[in-house]
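Take a look at the structure below.
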Amino acid sequence: MPQFAWTQAPETHLHVTKVVQDCNWLQGLEGGIDTSHAPIMHRLLSETSTRGGFKPSNPFVRGKAPRLVVDITDYGYQYAGIRPLGEAEMHIRTYHFVMPFHQIRPSRSESGVKLIAGHAWVPIDDETTMVYNWAYSPTEALTETDRLERGLGNGPVHVDPATFRSRANRANNYLLDRTVQRNESYTGIDGINVQDRAIQESMGRVVDRSKEHLGPADKAIIQARKLLRQAVKTVEAGGSPDGTGPSYYTLHAHEEVLPNGTDWRQITPEMREGMILQTV
Ligand SMILES: [Fe+2]
């Protein structure tokens with residue numbers, strides 16, 4: 001079995017859930033490896049809101065539009081969103097895309113403990129996906145409140161634990177509340193990953209990507225498509241695609257504010273010598 005770092009965490013420190021998503025797996029994955037939308041779509045409008053999302057004071061929200069750096073590896077890639085923050089600082093958030101459908105990202109528990117988290121978008125068929133959501137703390141046990149996942153919207157409050165279907169869904173307009181949208185959150189939809197599912201499902205189960213125009217903010221998605229196409233060719237030729245070796249087992253993800261001019265790679269010590277094949 002693949003030995004992702006989260007699979008090695010003790011159960012006390014680890015939480016895993018799953019939820020059905022009504023769209024193609026790659027449509028979900030591409031949302032998960034896009035940093036550009038996150039501090040806009042998932043932002044809160046009020047410091048006092050207790051809903052899931054990023055508060056106005058969060059440096060992720062205060063930062064300006066990100067510059068993306070993608071480090072290609074033999075498992076997929078690491079990528080960083082680098083956002084100018086005021087005059088003297090920058091906000092760095094790193095992610096990993098592990099072929100073919102895993103995302104690893106930095107996160108925080110309901111009580112503010114630093115976590116490493118991620119999703120796996122596993123296809124059920126071309127138009128339906130089972131999303132596995134995991135998070136663990138390297139240092140602390142998770143609480144019962146953490147396990148409700150109220151902020152993300154993946155726990156028993158938001159997802160039926162018998163059918164793994166989201167209670168907020170396309171049929172009920174994702175329970176979008178216009179009063180909440182006016183006063184508390186950008187979308188008016190409760191739960192960060194409920195917001196993601198709303199966007200990823202409501203565009204249609206499989207969107208025709210030949211009609212879209214990608215730009216610099218889509219660099220990570222462009223690279224994911226290139227790597228997946230290459231993997232198809234590799235397998236067709238009888239080879240082993242990227243992401244089948246052990247190189248990703250120890251990966252973490254990070255979020256920091258650093259002074260301008262600092263080498264941001266210092267926050268990713270798990271990227272050992274030789275792991276990065278090419279930077280784009
Ligand atoms: Fe998102």
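Each reported figure results from applying straightforward, stated rules to the coordinates on display, with no laboratory input. All values derive from a computational prediction rather than experimental measurement. Please note: Cβ atoms are built from the backbone with ideal geometry, for glycine as well, and neighbour counts cover all protein chains shown.
What to note about this one:
- If the chain linking Glu11 and Arg265 were pulled fully straight, counting 0.36 nm for each residue of separation and taking away their Cα-Cα distance, it would gain 88.4 nm.
- J(HN,Hα) series, the range 269-280, from Karplus relation 6.51 cos²θ - 1.76 cosθ + 1.60, nearest Hz, glycine and proline x: x, 6, 7, 6, 3, x, 6, 8, 8, 6, 10, 10
- Summed residue charge, Cβ within 11 Å of Ala141's Cβ, Lys/Arg positive, Asp/Glu negative: -3
- The gain in end-to-end length when the Thr139 to Ile222 segment is fully stretched comes to 26.4 nm, 0.36 nm per residue minus the alpha carbon separation.
- Efficiency of FRET between Gln3 and Glu256 - r from beta-carbon atoms, R0 30 angstrom, step 0.05: 0.70
- Annotation: amide H of Glu89 within the under-5 Å range of Asn260, sequence separation 5 or more or interchain, hydrogens built in the peptide plane.
- Phe164-Val280 pseudo-label distance in nm [points 7 Å out on the Cα-to-Cβ vector]: 3.2 nm
- Legend: distances between Cα atoms for Lys114/Lys211; Lys64/Lys233; Lys55/Lys233; Lys114/Lys233; Lys64/Lys226; Lys18/Lys55; pairs beyond 32 Å are Lys114/Lys211; Lys64/Lys233; Lys55/Lys233; Lys114/Lys233.
- Sum of side-chain charges, Leu68 neighbourhood, beta-carbon under 13 Å (Lys, Arg +1; Asp, Glu -1): +1
- Placing a label point 7 Å from the Cα of Leu45 along the Cα-to-Cβ direction, the residues of the range 162-186 whose backbone N falls under 15 Å from that point are 176-186.
- Computed 3J(HN,Hα) for the range 131-140, one whole-Hz value per residue from the Karplus formula 6.51 cos²θ - 1.76 cosθ + 1.60 where θ = phi - 60°, is 9, 9, 10, 9, 7, 8, 9, x, 10, 10, glycine and proline marked x.
- The Cα atoms of the chain cover 52, 48, 44 Å along the three principal axes, with the biggest extent listed first.
- Phi-based couplings in Hz for the range 101-118 (Karplus 6.51, -1.76, 1.60; Gly and Pro marked x): 8, 10, 10, 10, 9, x, 8, 9, 6, 4, 9, x, 6, 5, 10, 10, 9, x
- Isotropically averaged projected area of the range 208-280, using the convex hull of Cα atoms (one quarter of hull area), nm²: 7.4 nm²
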